[in-house]
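The values are calculated or read from the model by the stated rules, or taken from the named source; none is laboratory data. Note that the structure is a prediction, hence the values are computed from the model and not measured. Glycine also receives a Cβ, built like all others from the backbone with ideal geometry; neighbour counts cover every protein chain displayed. Areas reflect the complete protein model, heavy atoms only, side chains present, ligands, DNA and RNA absent. Shrake-Rupley method; radii C 1.70, N 1.55, O 1.52, S 1.80 Å.
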Amino acid sequence: MTYTVSPIGFMRSCFKEKFAIPRQPQLAPAARGVLELVAPFDHADALQGLEQVSHVWLLFLFHQALEEKPRLKVRPPRLGGNQSMGVFATRATHRPNGIGQSVVKLDKVEPGRLWVSGIDLLDGTPVLDVKPYVPYADVIVNASNSIASAAPLLILVEWEDNALLQAREHAQRLAEPLIELIEQCLAQDPRPAYQIPAPERRYGAQFWDVDVRWHYPQAGVIRVLEVVAATPRT
Ligand code: SAM
C-alpha cells in the first residue's frame with residue numbers, strides 16, 4: 001500500500017549544503033531559517049494560536065538522501081561511520097520514507113511564514129507538518145539512549161584575525177548571528193570521525209551566502225581561515 005504526502009512548505013535555511021550541519025537540532029541556536037508555507041497552509045487560519053508556542057516539531061523529508069532501496073542497517077556518523085546499526089536505532093538520514101523530525105525554537109509567526117532557530121535542516125527541505133512541542137508529554141526526564149547518551153563533545157574554534165573581520169562584515173550585511181553560527185557548527189567538528197586531519201588540509205562549508213574555510217592546526221582545534229562570498233557550486 002502506498003500513501004502520498006505533499007509538503008506544507010519549504011525551509012529557507014542558513015545551511016546550503018549537508019556538510020557542517022549539526023547532527024541534531026538545538027546544537028547551534030544561531031542556526032536560523034524561515035519555513036515558507038505553501039497554499040492552502042499559508043493562510044492565517046492555519047497558524048492561529050501558534051504564537052502561544054515556544055517550540056515546534058518539524059516533520060520533513062530528507063530530500064537529498066532519498067533512496068530507492070530501503071536500508072536495514074546504517075553507519076551513523078556519530079559512531080565514526082564504521083560501525084553499523086539497525087536503522088530504527090538511529091536518526092540517520094537514510095531511512096524508510098526519508099522522514100526527519102526536529103524540535104526547533106519558534107521565533108516569529110508571520111502570515112505564510114514561521115521563523116525558526118536551532119535548526120538542522122538543509123536549505124530547500126520539504127516540510128510535511130508542524131506540530132507544537134508539548135513539554136508535559138515530550139520531556140521524558142528518565143529517558144535513556146546509550147548509543148547517543150550526550151551531545152557531542154565540542155572542540156575549540158579559533159579565528160585568524162582577518163577571518164573574524166570578514167565574518168563581522170558579513171554578519172552585519174546579513175543581519176544574522178554569523179560568528180555564533182560558525183562557532184557553534186564548527187565546534188561540533190563536522191569532519192567525518194574516520195578522517196585524521198592533516199594541518200595542511202583545508203575544509204569548507206557554505207553558511208547563508210558565504211564560504212567558510214578552516215583547518216585543524218592540531219588535534220582538537222579548528223582554526224577559521226577565511227569567510228568569503230560563496231562561489232556558485234557546479
Ligand atoms: N533531527 C533530524 C532527525 O532526527 O530526524 C535530523 C537528524 S540527521 C542525523 C541530521 C543531518 O541531516 C544533518 O547533519 C544534515 O546533514 C542532514 N540533512 C538535513 N536536511 C537534509 C535534507 N533535506 N536532505 C538530506 N539530508 C539532510
**OP:** Among the residues of the range 139-183, count how many are within 20 Å of Leu27 (Cβ to Cβ), among the β-branched types (Val, Ile, Thr) and exposed (fewer than 15 other Cβ atoms within 10 Å of the Cβ).
**Re:** 3
**OP:** Working carefully through the options Asn82, Asn97, find the one that is outside any loop (DSSP other than H, G, I, E, B) and among the polar types (S, T, N, Q).
**Re:** Asn97
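For every residue, the table says whether it meets (1) open to solvent by 90 Å² or more (accessible area, probe 1.4 Å); (2) modelled with pLDDT of 90 or more; (3) away from the ligand (no atom under 12 Å from the Cβ); (4) closer than 29 Å to Ala39 by Cβ.
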| position | (1), (2), (3), (4) |
| --- | --- |
| Leu72 | yes, yes, yes, no |
| Ala89 | no, yes, yes, no |
| Thr93 | no, yes, no, yes |
| Val104 | no, yes, no, yes |
| Val109 | no, yes, yes, yes |
| Leu122 | no, yes, no, yes |
Original post:
Just to be sure, is Leu27 within 14 Å of the ligand (Cβ to nearest atom), part of a loop (DSSP other than H, G, I, E, B), free of Cβ contacts under 8 Å to residues at least 60 places away in the same chain and within 18 Å of the chain's Cα centre (by Cα)?
Top reply: no
**OP:** Could you please find all residues in the range 198-229 being aromatic (Phe, Trp, Tyr) and over 21 Å from the mean Cα position of the chain (by Cα)?
**Re:** Tyr216
Subject >> Residues being open to solvent by 90 Å² or more (accessible area, probe 1.4 Å) and closer than 21 Å to Thr93 by Cβ - total across the range 4-47 >> reply: 4
Original post:
Of all residues in the range 124-139 being part of a loop (DSSP other than H, G, I, E, B) and touching a residue at least 24 places away in the same chain (Cβ under 8 Å), which is nearest to the ligand (Cβ to nearest atom)?
Top reply: Thr125
Subject >> Failed item in (1) closer than 26 Å to Leu153 by Cα; (2) hydroxyl-bearing (Ser, Thr, Tyr); (3) part of a loop (DSSP other than H, G, I, E, B), with Ser102 passing the rest >> reply: (3)
Original post:
Hey, does the range 195-212 have a residue that's over 20 Å from Leu122 (Cβ atoms), in contact with a strand residue (DSSP E or B) (Cβ under 9 Å, 6 or more places away or on another chain) and crowded, with 16+ Cβ neighbours inside 10 Å?
Top reply: yes
